[in-house]
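To keep things clear, I will list the structure first and then write my remarks on it.
Since every read-out is calculated from the coordinates, none of them should be taken as a lab result. Note that this is a predicted model, so its numbers are computed, not measured. Cβ: placed from backbone, ideal geometry, glycine included. Neighbour counts: every protein chain shown.
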Amino acid sequence: MTEASSEHLKVQYHPLSKIPDKMIEFSEGVPTLHISIKPPPAPQPWAPFRSRADFEFAELVTSDHLSAASIQAHIRLHQQSPHPSISFQSVGDLERVRTQASKLITAVELFSVS
């Protein structure tokens, strides 16, 4: 992509978003702010969870600090339904997806300022 000039504004998204840079032209010295530079919605916003229900279940049991035994009891209860809303079959399934999700967030970097 070419460098921005005095007639263009270069928009660079975070590298992990994989959204290409955009060049926005200025019109008579005023930026055309009506152009949307909002990133497009994610095709699978709940990934790596299979569904919104899986995400919300994981969020709930995590924020409530439930024990593995309690989580397994909730999973069993959901699985008794003819059409369970969550896809987890065990605490292990939930842990695998939570581990995948943890790798998608931006890592925290610690440094000292002197």
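Within the same chain, lysines fewer than 8 places from LYS38 are excluded, and of the rest, those with a Cα less than 17 Å from its Cα are LYS10, LYS18, LYS22. Separation of the range 79-103 from the range 55-76 is 10 Å, based on Cα centroids. Does the range 52-102 come out rounded, prolate or oblate, given a ≥ b ≥ c as the square roots of the eigenvalues of its C-alpha gyration tensor, rounded meaning a/c under 1.5 and, failing that, prolate meaning a/b above b/c? It is prolate, given that a/c is not under 1.5 and a/b is the larger ratio. Straight-line cross-link reach from LYS103 at under 17 Å between alpha-carbon atoms covers these aspartates and glutamates, not counting any fewer than eight positions away in the same chain: GLU59, ASP93, GLU95.
So for HIS8, HIS14, fewest C-beta neighbours within 10 Å to most, what's the order?
Ranked by crowding around the Cβ, least crowded first: HIS14, HIS8.
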